[in-house]
Structure formats: structure tokens, C-alpha cells
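Data block below; observations after.
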Ligand SMILES: [Zn+2]
């Protein structure tokens with residue numbers, strides 16, 4: 001049997017290779033547990049859609065930690081909790097930071113006590129899990145499993161009286177056992193108490209870690225199916241448009257092409273072939289599934305009437321034979337969202353003609369067309385109908401006649417150029433799809449100085465770093481450390497046509513200078529530098 005080999009080395013048997021991408025016999029249970037492409041996604045913080053690690057916090061700590069095995073991801077799951085992130089030692093370093101520094105060799109891996117070295121070995125001698133605390137109680141104070149469980153309950157349920165009892169018992173028994181001194185017992189118990197403030201158990205953390213690895217595996221090897229599934233789920237999200245936009249920004253980093261909805265596809269929700277993902281018609285804001293079902297029915301019945309498939313209709317056939325069968329609001333949204341682009345006309349021109357066409361009176365002018373052939377264009381159709389009935393036309397009154405003549409002149413001399421400007425297309429797609437697909441906001445600014453895209457930056461491009469990007473998120477916060485705590489700074493999320501970049505840092509000096517430009521939704525030109533954790537640091541900002 002043929003096999004397909006990925007660049008990372010993973011390979012799977014091919015079931016069918018007749019399409020542009022072979023169909024593989026893939027089973028997540030059999031996926032290799034140590035694929036370099038998966039670790040690379042984690043190291044680059046590309047964890048959108050990866051179980052439990054997709055928030056900005058998850059992305060940023062993945063980049064810092066660069067996990068290389070399941071133990072590292074499990075620990076990260078436990079360490080990304082408020083207790084571990086916020087409990088600072090006398091040097092202002094959190095448990096999470098200690099763990100990361102030790103993993104990277106920036107801090108000595110020093111056992112709390114030689115007797116505990118083995119228990120804490122998987123976590124660089126940092127107390128991460130509930131099970132470790134319980135084992136420490138057993139080793140140093142001879143706790144029975146029952147006693148250790150008392151500690152777990154007291155810590156987990158935050159019962160101070162219970163905890164005081166356990167502490168007393170721990171120190172007394174530890175002193176009796178004599179592995180540590182009373183003072184050491186007291187110190188170690190303090191550490192247990194603080195690390196267990198929001199304790200997490202290892203079994204839970206490992207279950208999360210395997211799921212995170214599996215989702216990252218799917219993302220690294222089958223990105224099209226991965227994003228298709230997430231986009232399909234996102235349609236039901238309370239914040240559907242925002243989530244869809246975030247997924248599409250992210251998918252661009254992996255070269256996934258998400259296309260405009262198309263009436264040719266007639267799919268209510270996202271669809272996917274082996275190359276692209278396409279928006280569904282019911283993903284257009286304001287179009288429900290019920291409207292799409294009705295649309296499909298009407299298309300089928302009109303196909304029968306015309307004796308040819310939808311894809312073969314001309315624009316005038318669509319207009320004359322079909323457009324009045326569906327609500328104008330639906331038609332207008334389909335055009336503005338690009339779902340009728342396959343007619344190869346500008347969206348403005350289609351809107352203009354549809355608006356004129358729907359103004360025909362149902363029982364006179366429109367009915368006149370019932371037994372007529374399809375005209376070559378709307379202009380000719382209107383010229384034909386805009387005659388008195390006696391002369392073979394379809395107009396009943398003088399008033400209507402002059403109205404139709406006004407429409408004919410509107411067609412001959414449109415009030416504005418009927419071309420689709422990038423800004424107009426952008427605004428419409430953004431409103432109806434949540435994200436512009438034909439153009440990017442960045443396309444509308446002067447990008448002559450730009451040297452780097454979001455994707456280039458993530459791929460490790462060398463400086464200089466001048467990026468043109470839309471500010472997707474600006475998260476202002478106050479500094480906690482340093483000489484002058486309490487100053488305003490910000491974390492930015494950027495997006496351009498190549499993808500998105502999170503964790504861009506704007507320190508207090510730059511923030512004070514450029515905060516007026518740093519507004520969500522704005523396009524800016526950012527001059528930056530690479531920081532020590534790999535984050536882009538904002539130096540200068542210009543309006544885009
Ligand atoms: Zn692989």
C-alpha cells in the first residue's frame with residue numbers, strides 16, 4: 001500500500017490519491033507522540049484551536065516555555081492558573097516563571113530537599129501538582145494516604161481551619177521522622193500551601209495535555225480539516241463573527257484559503273473540499289438557515305423551468321427569471337457578500353440592476369415578462385416593457401411610463417461609477433462575514449516602508465521590523481514591577497493579509513507617546529524590535 005510522508009517524517013497509508021490531496025488512513029490514536037512539527041507549533045505560540053492553550057495567555061507561555069514533551073504541556077496546563085501565575089516569591093518571581101526558567105536552563109534546578117528529588121523530578125523540582133504535595137506529606141511526615149487526602153481536601157476546598165490542623169500534624173510528625181528539621185518542615189509546608197492555592201491534579205493535567213497534543217497534531221498535519229471544523233463550530237458561537245475572524249486570521253499563517261460564500265455552492269454552512277474552505281450562505285450576517293433552504297428550493301424549481309443548471313444561467317436570466325422569487329433583502333446581502341461574484345460583474349452594478357428590476361409592478365410590468373424570452377440585458381428588457389399596452393408593452397399608466405423611462409436613464413447614466421472600490425468591498429464583507437476576504441485593511445494604507453509581515457516575523461525573519469497591520473486587540477494594563485510601577489502599557493494583537501501576531505508589547509514610554517494611534521480596528525505602521533522572549537516590542541507607531 002502507498003504511504004504519504006509529511007515533511008516532519010510522519011507517514012500514513014493512502015486510501016485514495018485521485019484528488020489534489022490524498023485521503024489518508026489516519027487514526028489520532030496512532031499518531032506519533034513526538035512529531036517535531038507539533039512542537040514547532042507550540043514553540044511559535046501558534047495554538048489557536050489547541051485544547052486549553054488557545055488564549056493569549058496560553059500562546060504567550062507556550063512561546064516562552066517551548067514545550068518538548070507531554071510532561072511540559074501537562075505542567076503548563078497546571079501552571080497557567082491564577083494561583084501559580086500570581087504567587088510571587090521574595091524576588092517577585094511566580095511559580096510559572098520558575099518552572100519556565102528551569103526548563104530553559106536559566107535557573108538552577110535545585111531540589112527542595114534531597115528526599116523529594118524524585119517526586120519533583122518531572123517538574124524541575126517545582127511543586128506543580130496535588131499528587132506531588134500529597135507525596136511530600138507522605139515522605140517527610142509519614143502521612144498515611146488518608147492523612148494526605150486530608151491535606152488535599154483542605155487545600156482544594158480552601159478550608160483554613162482544616163489546613164491549620166494538617167499543618168500542625170505535618171510539622172509534628174516531620175520532626176519525629178527527622179528527615180527535615182522543624183524549620184525546614186515549616187518552610188516546605190508554606191510552599192505546599194501556596195502552590196496548592198488553586199491546585200490542579202496531575203491526572204487532569206495529563207488528560208488535558210494529551211488532548212492539546214492531539215489537537216495540535218491535527219493542526220500541524222491537517223490544517224484544512226482543522227480550520228474547517230473550528231469554523232463550522234464557530235457558527236454556533238455567541239460571538240460568531242469575531243471568532244470566525246480570529247480563526248481566519250490564524251488560518252492564513254498556515255496557507256489556508258477561506259473563500260467567499262457562493263450561491264453556486266448552495267451550502268448553508270462552511271464547506272470544504274481538498275483545497276479550500278468556503279463560507280456558507282447562512283454564515284452571512286442576517287441570513288438564516290430557513291432563508292437558505294427556501295433559496296435552494298427556488299433554485300431547484302427554476303433550474304427545471306429553464307432546463308439548465310444554475311451555474312449556466314446568465315446574469316439576465318438570473319434577474320429576469322429568478323431574482324423576484326426571493327426577498328430583496330436576501331438578494332442584496334448575497335450580492336454585497338460576494339456570493340454572486342461568479343457572474344463576473346461588479347457587485348455595485350448587480351445591486352443597481354436588482355434595485356431597478358424589483359421596482360417593476362408585480363401584476364402588470366413584471367407579469368408581462370412571463371411569456372417573453374430572456375432579453376440580452378436589463379436595459380433592453382426595460383426598453384421593451386416600457387411601452388403602452390396597445391403598442392405591445394407592459395405599462396398601464398402614463399405615470400408608470402415616465403417612471404420606467406427615468407429608470408432607463410438611470411441605467412444608461414448611473415449616478416456614480418458602478419465599480420467596487422476596495423474600501424466599499426472591505427466594509428461590506430466585514431459587516432456581513434465578520435472578516436474581509438477580498439482585500440485586507442492593510443491594502444488600503446501606504447505600505448512602501450514595510451519590511452515584514454506577521455507571518456515573516458513568526459517565521460523568524462531578521463530585522464528591520466516594519467509592519468503594516470490592523471490592530472485586532474489592544475489590551476492596556478499597568479506595570480506591576482520596575483522602578484515606577486503603575487504605568488500604562490499595552491499588549492497588542494496585529495493582523496495583516498499573512499495572518500496574525502499576538503503578544504506585541506508596547507512598553508510605557510512608547511505607549512504614552514502613541515496611545516492615540518493604538519485603537520482597536522485601526523491600521524498602523526509599527527516599527528519594532530525583537531524582545532528577549534521573542535515578542536515584538538513597539539518602538540514607533542505611524543498612522544496607516
Ligand atoms: Zn508529523
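We did not get these values from a lab; they are worked out from the coordinates using the rules stated. Predicted model, so just to flag it, every value in this text is computed and none were measured. As a convention, Cβ positions derive from the backbone with ideal geometry for all residues, glycine included, and neighbour counts pool all protein chains shown.
The table that follows gives values for the structure above.
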read-out: Kirkwood-type radius of the chain, with distances r between different C-alpha atoms, in Å; value: 28.1
read-out: Virtual spin-label span in nm between residue 398 and residue 204, 7 Å along Cα→Cβ; value: 8.4
read-out: Angle in degrees between helix 182-195 and the longest Cα principal axis of the chain, rounded to the nearest 10; value: 10
read-out: Per-residue [θ]222 nm for the chain (sum of -39500 (n - 2.57) over DSSP H runs n ≥ 4, rounded to 500); value: -13000 deg cm²/dmol
read-out: Relative compactness, segment 111-231, computed as alpha-carbon Rg over 2.2 N^0.38 Å; value: 1.36
read-out: Volume per residue of the C-alpha convex hull in segment 193-334, rounded to whole Å³; value: 153
read-out: Residue-span extension gain [residue 81 to residue 484] - 0.36 nm each, minus C-alpha spacing; value: 142.4 nm
read-out: Descending semi-axes in whole angstrom, ellipsoid equivalent of segment 1-127, from the Cα gyration tensor; value: 37, 16, 11
read-out: Where labels lie 7 Å past Cα in the beta-carbon direction, separation of residue 380 and residue 449 in nm; value: 5.5
read-out: Pairwise FRET efficiency - residue 328 versus residue 34, Cβ, R0 = 51 Å, nearest 0.05; value: 0.30
read-out: Ranked 477, 489, criterion: other C-beta atoms within 10 Å, fewest first; value: 477, 489
read-out: With Cα atoms, 0 to 90° folded angle of helix 422-433 axis to the chain main axis; value: 70
read-out: Nearest 10 degrees, 0 to 90: helix 160-177 Cα axis against the chain principal axis; value: 40
read-out: Sites residue 477 and residue 264 - FRET efficiency at Förster radius 45 Å, r taken between beta-carbons, to 0.05; value: 0.40
read-out: Residue 164 versus residue 238: modelled label distance in nm, points set 7 Å from Cα along the beta carbon direction; value: 4.0
read-out: Dimensions in Å of segment 387-544 - Rg and Dmax from alpha carbons; value: 25.1, 91
read-out: Modelled FRET efficiency - R0 22 Å, residue 108 with residue 187, Cβ distances, 0.05 increments; value: 0.80
